[in-house]
1. What accessible area per residue, rounded to a whole number of Å², is obtained for the chain using a probe radius of 1.4 Å?
2. Roughly how many Å is it from the Cα centre of region 84-157 to that of region 1-75, as a whole number?
3. How large is ³J(HN,Hα) for each residue in region 91-99, as worked out from phi by the Karplus curve 6.51 cos²θ - 1.76 cosθ + 1.60 (θ = phi - 60°), to whole Hz, x for Gly and Pro?
4. Each residue of region 118-123 in turn: what ³J(HN,Hα) in whole Hz from Karplus with 6.51, -1.76, 1.60 and θ = phi - 60°, glycine and Pro shown as x?
5. Computing the accessible area with a 1.4 Å probe over protein heavy atoms, can you report the carbon and sulfur percentage for region 83-174?
6. Show Y3, Y102 ordered by accessible area, largest first, where the area counts protein heavy atoms only and the probe is 1.4 Å.
7. Residue by residue, what Karplus-based ³J(HN,Hα) values in Hz, rounded to whole numbers, does region 11-21 have, using 6.51, -1.76 and 1.60 with θ = phi - 60° and x for Gly and Pro?
8. List the extent of the Cα atoms of region 1-72 along each of their three principal axes, largest first, rounded to whole Å.
Amino acid sequence: MEYKDITALEQGFGHVKQSPAERGTLELIVVRPEVNQRQELSEGMLDVEQGLIGDNWAQRGSSETEDGSAHPEMQINIINSRLARLVTQQQSDWKMAGDQLYVDLNLHQDNVPAGTRLSIGEAILEVTAVPHTGCKKFAERFGREALKFISTKEGKRWQLRGINAKVVKGGKVAVGDSVRKMQ
């Protein structure tokens with residue numbers, strides 16, 4: 001994959017900033033059945049205990065918990081689809097970011113702070129306080145410039161790497177579903 005330079009990323013940032021603030025769209029669902037495996041779904045089931053059914057979140061565990069079990073505040077990873085589009089050449093590359101839900105919604109920390117509830121399809125998710133940050137894998141997949149771009153002070157405020165959430169009400173979600181901030 002050809003990486004974008006910082007100038008191209010900065011020029012495209014305005015489009016990311018124009019993401020809808022209150023009601024957006026679920027544009028992609030991805031399960032990770034095994035480490036480094038990705039499968040796109042047209043619809044999925046979100047479960048309070050298991051997260052996205054078919055995803056390895058519960059089995060994979062986390063280095064962030066004392067006992068190595070899955071981190072309950074990192075159950076679902078959500079990224080802005082406009083950011084995914086900005087750092088990739090084509091939509092088929094989005095899934096390599098490693099997130100499960102790709103949404104066209106403003107993820108700025110002032111718009112979706114921890115505790116915000118999002119209605120997607122039949123499910124309700126709650127944004128958690130655990131930050132979703134870029135890593136070595138993100139740089140390998142999308143370039144060092146992309147990692148630098150999302151890691152700036154402004155990139156962190158816009159939560160360009162995405163947000164973590166947990167399922168508070170399970171249900172079916174499908175590509176094209178409305179993603180709505182609940183009041």
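The values are calculated or read from the model by the stated rules, or taken from the named source; none is laboratory data. Everything numeric in this text was worked out from a predicted model, so none of it was measured. Neighbour counts are summed over all protein chains in view; Cβ atoms, including those assigned to glycine, are modelled from backbone coordinates with ideal geometry. Areas reflect the complete protein model, heavy atoms only, side chains present, ligands, DNA and RNA absent. Shrake-Rupley method; radii C 1.70, N 1.55, O 1.52, S 1.80 Å.
1. In whole numbers, the chain has 49 Å² accessible per residue.
2. Cα centroid to Cα centroid, the span is 7 Å.
3. 4, 5, 8, 3, 4, 5, 5, x, 8
4. So the J values, rounded to whole Hz, are 10, 9, 9, x, 8, 9.
5. 48 percent
6. Y3, Y102
7. 5, x, 4, x, 5, 4, 5, 7, 4, x, 8
8. 42, 28, 24
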